[in-house]
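Q: The following block contains the structure, expressed as structure tokens.
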Protein chains: 2
Amino acid sequence: MEMKPWQEVAQRAQAYRDKSIAEINPPIPAVPEELPQNVTHLPKQLLTPREVEITEMLPEELLPALADGKLTSVEVINAFVRRAGLAQQLVNCVTEIMVPQALERAKYCDEYLAKHGRPIGPLHGLPISVKEHIGMKGLTQNCGFVAWIDEVAKEDAFILTLLHNAGAVFYVRTTEPQLLMHLETASNLYGVTVNPYNRALTSGGSSGGEGALLGLRGSCLGIGTDIGGSIRSPAANNGVWGFRPSSYRLPNSGAHAPGLGEEQIVPVIGPMSTSFAGLNVFMKTIIDQKPWLNEPSMVPLKWNTAESHLVERFGQRKLKVGIMWHDGVVKPHPPIMRALTEMAAKLKKTPGIEVVDWAPHKHEESWDIISSLYFCASAKEDMDIMEAGGEPILPLSKFILLEQSGVPQEEDIASTIWKKTIRREAFKTEYAAHWNATGAADGHPVDVILCPVGPGAAPPLDHSRYWAYTSTWNLLDYPAMVFPYSQVDQEKDKADEGYVPMNDQDDWNHKLYSPERYADAPISLQLVGRRCEDEKVFEAMQFIRIATGV
Amino acid sequence: MEMKPWQEVAQRAQAYRDKSIAEINPPIPAVPEELPQNVTHLPKQLLTPREVEITEMLPEELLPALADGKLTSVEVINAFVRRAGLAQQLVNCVTEIMVPQALERAKYCDEYLAKHGRPIGPLHGLPISVKEHIGMKGLTQNCGFVAWIDEVAKEDAFILTLLHNAGAVFYVRTTEPQLLMHLETASNLYGVTVNPYNRALTSGGSSGGEGALLGLRGSCLGIGTDIGGSIRSPAANNGVWGFRPSSYRLPNSGAHAPGLGEEQIVPVIGPMSTSFAGLNVFMKTIIDQKPWLNEPSMVPLKWNTAESHLVERFGQRKLKVGIMWHDGVVKPHPPIMRALTEMAAKLKKTPGIEVVDWAPHKHEESWDIISSLYFCASAKEDMDIMEAGGEPILPLSKFILLEQSGVPQEEDIASTIWKKTIRREAFKTEYAAHWNATGAADGHPVDVILCPVGPGAAPPLDHSRYWAYTSTWNLLDYPAMVFPYSQVDQEKDKADEGYVPMNDQDDWNHKLYSPERYADAPISLQLVGRRCEDEKVFEAMQFIRIATGV
């Protein structure tokens, strides 16, 4: 059968990826021809015990071992490179593995430590995985577009330079969806990235390559981006930690995307990790370098979890947690409701924590506004890029580009955008008033909101069509952390047969669920703070971890 | 002669203003039929000694006297109302004086103090003047447009609520130019606001009503707005203090303007005052109320001049002042160069201060970028409003709307705006690198830049056509303070006959100058800091005041 031109491009991209993986030494082991639905146990069977031991260490375990030479960076990198290569065979989450560059860098780290007797910086020798559209000098930066396969980054993204300064080792680049705008990860270039816990479910997206790789422990710390849930959806779906910072707290420059220069909804870069500490060391390491002196749109705020100068401290009073059970539009599936119920019960029992209900405030409108602003110039630029590549428009590209009422199909006149922006600001102001009032009878409104990350655990492929549990916080520019809680349980998480849906969307979502369909899927929750109170989210999460053991 | 409809509207606006002034009791004294060129001495002749004494007190003198009851707010307001009414007769700087409301409020303040034994807040009883387009509930908010005469604010601008909370008394609203986008103040509604030091020169703009009123001591603290120099030009031209904060440090909501919702260049509200302390109490009073909890686009940074958590402190080393003698495009007139030279000499003699040269970096390009972004949707909205009012387009409206190359005349497609925004960001990044490098041999780059506010003292009317000494800092979003230095001196400030201009613009500006033409004009300078280092500008200014006596 003759291949279309876009298929030839895809073949070339995949051949390049496979060649990069073939450089792994020793070669990665063969995987079973018929993969089981849940592949999370396979790395343990197929890698050496030492490789398994290293790759299952958390960042806070690896970093001190690397800093004092108990582990060499070369050994650590070799182990993660092997596990990442294997992860690619299991869930298709990688666009390339840079074996020679990573090993050279790891060797440099080891030599530096030997020579100077001290680590390069707080990330000395640590492997870090990177989403593809974050530029690496000399490498493709295609954003999931066929037409962009030969777009090559002229220099490293600024955030990579900062991580490099701190001693990090980059070794793998990860998949993302066509257009970067799905809460799943499928592109014509690399195909579909699936969920390691259940290959019939999505890894989430758009940082779904990161999510799946972290879920399989082929990475312990990676870089995602988020404009509507793209860090939090894959973190939740793969049972790992993810953090969407407030905008302008981490540097964005060097990340490629359509619509660069658009600021109505600001995308952010953020960490994904196998641990809470991984998120924190990422934030702290970057912000401690005062990146605003070079990227001046950033807010010049120090990273200060020890003594926050931004927010009123809750040391002298109870931490007040608002629980948003659902958003008033789509009720999450039973596993999510169980997680919230169990967490609420634990929190209520904890001295020092007060729990109140958080009423959702016009979350349906939040989706109207944000979806009208994502492509406020028009859908045309993205449509043109897909046309230039001659590639099919994937279903979830069609969903976000062509099926949302506010997206202009022809290039829009600019002045209509200001009107949408005014609507955004009005919504933000209203929500601030809602926050100021909630639980504030004693003068202290809620500190953080605990809520679902989505309307269920990882959706079946091509079913991630309800963004508002994450995108509302993008619209409001609230920092939000995702943490793993449990997994779908066939006994505990029966379908709610008697449920009367609130509307068509809710009905659609309700019917999607059965415990069998979502078997083994991770269950995660989200902790949300006010804008620029990123540190408070970390502090509250730390408190909640102690209280609940998550 | 038959009046055109717009002239009837203007007559109505002026009649309304005059009626409001007629409510002052005792009535304001008549002014000479033929006004002298310099009218700054007239208030002393025409008001009572007690009125002169009160209105010439600075905010830092009035506030403690009001707080402990040595002065009543009623007496203070009466004095300022009289002087403001007189200022209107001399320079045409007022759109209305709210006599009954102000007196009622002043009475409330006095009664509150008597009853509670403590002031309402840090601005107890203090009169504050307000630029017209900052909304006051129930009053017109026309932005200098005939067509908008009947636009009435539905509620007070948020910043007014915060000042009210602190005890302020609003008593006068001040003029602004057609379109809000001149560095002068002329509208078809209210005519031309002139400079009290020399009525042939401009008061500056767009906060030129504030500038002229403060210059005549008809106010001691007022509110301006600045998107290209609109606080700093009138502060400089009238010999008073002005501060343009970094964006999102003071709340903007409730200020009316064309193009609301546009964020490519963010307008800011800021204080203008007869004293440095006036600027500081304004910033501190507002920010201390945590306005970001209600206006969530603000950056949640405390006002902290005592111990800044944002910036490296210069207590342990010398304050490093960069002097930008000129911007490489248009050289300022002799009075400005003299002021800079004298200041530099004083600073160099001061232990604890180091002076280095600041090389201008592509300031011509900065104007290209910012002028293309002011009306990046198009000139059409503004043109339509003027057409709707049937009013003539004033020369400086034509200059900024129709004579700048980057302003689209038809409504532009949005995606071109993103390209301009990328250019803006690239310029900011380059300028940050320039700052990081300047004077940084010892590891500490310059702390602040001392530079001109414009290419001369207050220009002759309709000649304010070079914005870049102020607008460059808007593009970069740097905080900038204007302070009075001296006045044009017929002996010291001779024209530089042998000067060879750098280009046509420079030639035009050079030929504009003669000491006679600029007789008595105030000379002011500008102190500029990095983005969000607003407090550092205040700290550095305080140090420089002690060193130089300004």
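The values are calculated or read from the model by the stated rules, or taken from the named source; none is laboratory data. Just so it is clear, the structure is predicted and the values come from calculations on it, not from any experiment. Here Cβ is always computed from backbone atoms with ideal geometry, including for glycine, and neighbour counts include all displayed protein chains. To get the accessible areas, we keep the full protein, side chains included, count just its heavy atoms, and leave off ligands, DNA and RNA. Shrake-Rupley method; radii C 1.70, N 1.55, O 1.52, S 1.80 Å.
Q: Would you check which residues across segment A:263-280 are open to solvent by 30 Å² or more (accessible area, probe 1.4 Å) and in contact with a Pro (Cβ under 9 Å, 6 or more places away or on another chain) and list them?
A: A:277, A:280
Q: Condition first: out of contact with any strand residue (DSSP E or B) (no Cβ under 8 Å at 6 or more places or on another chain) and assigned to a helix (DSSP H, G or I). Now tell me which residues in segment A:173-228 satisfy that.
A: Within segment A:173-228, just A:179 meets the criteria.
Q: Which residue out of A:170, A:243 is part of a strand (DSSP E or B), surrounded by fewer than 24 Cβ atoms within 10 Å (Cβ to Cβ) and among the hydrophobic types (A, V, I, L, M, F, W, C)?
A: Details: A:243 fails: surrounded by fewer than 24 Cβ atoms within 10 Å (Cβ to Cβ).
None of the other options fit; the residue is A:170.
Q: Just checking, which of B:406, B:390 is surrounded by fewer than 18 Cβ atoms within 10 Å (Cβ to Cβ), touching a residue at least 12 places away in the same chain (Cβ under 8 Å) and in contact with a Pro (Cβ under 7 Å, 6 or more places away or on another chain)? Give the steps one after another, and end with the answer.
A: Working: B:406 fails: in contact with a Pro (Cβ under 7 Å, 6 or more places away or on another chain).
Matching residue, one of B:406, B:390: B:390.
To keep it simple, each residue is scored yes or no on (1) under 27 Å from residue B:48 (Cβ atoms); (2) out of contact with any His (no Cβ under 7 Å at 6 or more places or on another chain).
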{"residue": "B:82", "(1), (2)": "yes, yes"}
{"residue": "B:87", "(1), (2)": "yes, yes"}
{"residue": "B:91", "(1), (2)": "yes, yes"}
{"residue": "B:94", "(1), (2)": "yes, yes"}
{"residue": "B:107", "(1), (2)": "yes, yes"}
{"residue": "B:120", "(1), (2)": "no, yes"}
{"residue": "B:126", "(1), (2)": "yes, yes"}
{"residue": "B:133", "(1), (2)": "no, no"}
{"residue": "B:136", "(1), (2)": "no, yes"}
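Q: Would you please list the contacts, defined by Cβ atoms under 9 Å and residues six or more apart or on different chains, that run from a residue in segment A:189-214 that is farther than 15 Å from residue A:517 by Cα and open to solvent by 10 Å² or more (accessible area, probe 1.4 Å) to a residue that is among the basic types (Lys, Arg) and part of a helix (DSSP H, G or I)?
A: Matching pairs, first to second residue: A:190/A:17.
Q: It is to be established whether one or more residues within segment B:147-164 are within 20 Å of the chain's Cα centre (by Cα), assigned to a loop (DSSP other than H, G, I, E, B) and touching a residue at least 40 places away in the same chain (Cβ under 8 Å).
A: Checked segment B:147-164: at least one residue is within 20 Å of the chain's Cα centre (by Cα), assigned to a loop (DSSP other than H, G, I, E, B) and touching a residue at least 40 places away in the same chain (Cβ under 8 Å).
Q: Please go through segment A:376-393 and pick out each residue that is within 12 Å of chain B (Cβ to nearest Cβ) and in a loop (DSSP other than H, G, I, E, B).
A: The initial filter retains those residues of segment A:376-393 that are within 12 Å of chain B (Cβ to nearest Cβ), namely A:376-382, A:384.
Within segment A:376-393, A:376, A:377, A:378, A:379 meet the criteria.
Q: Which ones in segment B:362-400 are over 22 Å from residue B:266 (Cα atoms) and touching an Asp or Glu at 6+ places or on another chain (Cβ under 8 Å)?
A: B:395
Q: To continue, here is another question. Right, residue A:58: touching a strand residue (DSSP E or B) at 6+ places or on another chain (Cβ under 9 Å), closer than 14 Å to residue A:25 by Cβ, open to solvent by 10 Å² or more (accessible area, probe 1.4 Å) and at pLDDT 95 or above or not? Give the derivation first.
A: Working: touching a strand residue (DSSP E or B) at 6+ places or on another chain (Cβ under 9 Å): yes; closer than 14 Å to residue A:25 by Cβ: no; open to solvent by 10 Å² or more (accessible area, probe 1.4 Å): yes; at pLDDT 95 or above: yes.
So residue A:58 does not fit the description; no.
Q: Still on this structure, please answer the following. So residue B:396 passes all but one of these: (1) crowded, with 17+ Cβ neighbours inside 10 Å; (2) more than 14 Å from chain A (Cβ to nearest Cβ); (3) not in a helix (DSSP H, G or I). Which condition number does it fail?
A: Of (1) crowded, with 17+ Cβ neighbours inside 10 Å; (2) more than 14 Å from chain A (Cβ to nearest Cβ); (3) not in a helix (DSSP H, G or I), only one is false for residue B:396: (3).
Q: Counting just the residues of segment A:401-424 that are modelled with pLDDT of 90 or more and touching an Asp or Glu at 6+ places or on another chain (Cβ under 9 Å), which one comes out farthest from the other protein chains (Cβ to nearest Cβ)?
A: A:404
Q: So residue B:547 fits all but one of (1) surrounded by 18 or more Cβ atoms within 10 Å (Cβ to Cβ); (2) more than 23 Å from the chain's Cα centre (by Cα); (3) modelled with pLDDT of 95 or more; what number is the exception?
A: (3)
Q: Would you mind finding the one in A:249, A:232 that is more than 15 Å from the chain's Cα centre (by Cα) and either in contact (Cβ under 8 Å) with a residue 12 or more places away in the chain or open to solvent by less than 10 Å² (accessible area, probe 1.4 Å) (or both)? Step through it out loud before you land on a result.
A: Numbers: A:232 fails: more than 15 Å from the chain's Cα centre (by Cα).
Within the list A:249, A:232, the selection yields A:249.
Q: Additional query: Which number in (1) within 26 Å of residue B:177 (Cβ to Cβ); (2) part of a helix (DSSP H, G or I); (3) not polar (S, T, N, Q) marks the one condition that residue B:96 misses?
A: Against the list (1) within 26 Å of residue B:177 (Cβ to Cβ); (2) part of a helix (DSSP H, G or I); (3) not polar (S, T, N, Q), residue B:96 comes up short only on (2).
Q: Kindly provide the set of residues from segment A:441-454 that are open to solvent by 20 Å² or more (accessible area, probe 1.4 Å) and away from chain B (no Cβ under 11 Å), ordered by number. Walk me through it before giving the result.
A: Within segment A:441-454, the subset open to solvent by 20 Å² or more (accessible area, probe 1.4 Å) is A:441-445.
Hits for segment A:441-454 are A:441, A:442, A:443, A:444.
Q: May I pose another question? Which one is surrounded by the most Cβ atoms within 10 Å (Cβ to Cβ) among residues in segment A:500-540 that are hydrophobic (A, V, I, L, M, F, W, C) and closer than 19 Å to residue A:229 by Cα? Before the answer, list the steps.
A: Initially, segment A:500-540 is screened for residues hydrophobic (A, V, I, L, M, F, W, C), giving A:500, A:502, A:508, A:512, A:519, A:521, A:523, A:525, A:527-528, A:532, A:537-538, A:540.
When the remaining residues are screened for being closer than 19 Å to residue A:229 by Cα, the result is A:521, A:523, A:525, A:527-528, A:532, A:537-538.
Working: A:521: 29, A:523: 27, A:525: 22, A:527: 21, A:528: 24, A:532: 25, A:537: 26, A:538: 23.
Among those residues, the one meeting the criterion is A:521.
Q: Which residues, counting only those in segment B:270-299, are more than 14 Å from every other protein chain (Cβ to nearest Cβ), in a helix (DSSP H, G or I) and not basic (Lys, Arg)?
A: In the first step, residues of segment B:270-299 are kept if they are more than 14 Å from every other protein chain (Cβ to nearest Cβ); the result is B:270-286.
So of that shortlist, the ones also in a helix (DSSP H, G or I) come out as B:276-286.
Those that are more than 14 Å from every other protein chain (Cβ to nearest Cβ), in a helix (DSSP H, G or I) and not basic (Lys, Arg): B:276, B:277, B:278, B:279, B:280, B:281, B:282, B:283, B:285, B:286.
Q: Listed residues A:63, A:42, A:46; which is touching a residue at least 60 places away in the same chain (Cβ under 8 Å) and either open to solvent by less than 80 Å² (accessible area, probe 1.4 Å) or of a type in the set (Lys, Arg) (or both)? Can you show your working first?
A: On the way: A:42 fails: touching a residue at least 60 places away in the same chain (Cβ under 8 Å); A:46 fails: touching a residue at least 60 places away in the same chain (Cβ under 8 Å).
Testing whether each residue is touching a residue at least 60 places away in the same chain (Cβ under 8 Å) and either open to solvent by less than 80 Å² (accessible area, probe 1.4 Å) or of a type in the set (Lys, Arg) (or both) leaves just A:63.
Q: Conditions first: (1) open to solvent by 20 Å² or more (accessible area, probe 1.4 Å); (2) in contact with a Gly (Cβ under 9 Å, 6 or more places away or on another chain); (3) within 13 Å of residue B:370 (Cα to Cα). Residue B:417 passes all but one, so which condition is the exception?
A: (1)
Q: Could you tell me whether segment A:2-21 includes any residue that is open to solvent by 50 Å² or more (accessible area, probe 1.4 Å), under 24 Å from residue A:185 (Cβ atoms), at pLDDT 95 or above and in contact with an Asp or Glu (Cβ under 8 Å, 6 or more places away or on another chain)?
A: Within segment A:2-21, one or more residues are open to solvent by 50 Å² or more (accessible area, probe 1.4 Å), under 24 Å from residue A:185 (Cβ atoms), at pLDDT 95 or above and in contact with an Asp or Glu (Cβ under 8 Å, 6 or more places away or on another chain).
Q: Testing residue B:350 on (1) open to solvent by less than 50 Å² (accessible area, probe 1.4 Å); (2) more than 8 Å from every other protein chain (Cβ to nearest Cβ); (3) closer than 23 Å to residue B:474 by Cα, one condition comes back false. Which one is that?
A: (3)
Q: Quick check: is even one residue across segment A:355-375 within 14 Å of chain B (Cβ to nearest Cβ) and either outside any helix (DSSP H, G or I) or among the acidic types (Asp, Glu) (or both)?
A: We begin by selecting, within segment A:355-375, every residue within 14 Å of chain B (Cβ to nearest Cβ); these are A:361, A:366, A:369, A:372-375.
With either outside any helix (DSSP H, G or I) or among the acidic types (Asp, Glu) (or both) added as a condition, the list becomes A:361, A:375.
The answer is yes; a qualifying residue exists.
Q: In this structure, does residue B:330 turn out to be away from chain A (no Cβ under 14 Å) and open to solvent by less than 20 Å² (accessible area, probe 1.4 Å)?
A: Details: away from chain A (no Cβ under 14 Å): yes; open to solvent by less than 20 Å² (accessible area, probe 1.4 Å): yes.
When the stated conditions are applied, residue B:330 passes them.
Q: Is there a residue in segment A:341-363 that is under 23 Å from the mean Cα position of the chain (by Cα) and under 30 Å from residue B:261 (Cα atoms)?
A: First pass over segment A:341-363, keeping only residues under 23 Å from the mean Cα position of the chain (by Cα): A:343, A:363.
So of that shortlist, the ones also under 30 Å from residue B:261 (Cα atoms) come out as A:363.
Yes; the residues of segment A:341-363 include at least one that is under 23 Å from the mean Cα position of the chain (by Cα) and under 30 Å from residue B:261 (Cα atoms).
Q: Would you be able to say whether some residue in segment A:141-150 is aromatic (Phe, Trp, Tyr) and open to solvent by less than 10 Å² (accessible area, probe 1.4 Å)? Spell out the reasoning first.
A: Step one: of segment A:141-150, the residues aromatic (Phe, Trp, Tyr) are A:145, A:148.
Those still in the list that are open to solvent by less than 10 Å² (accessible area, probe 1.4 Å) too: A:145.
Yes.
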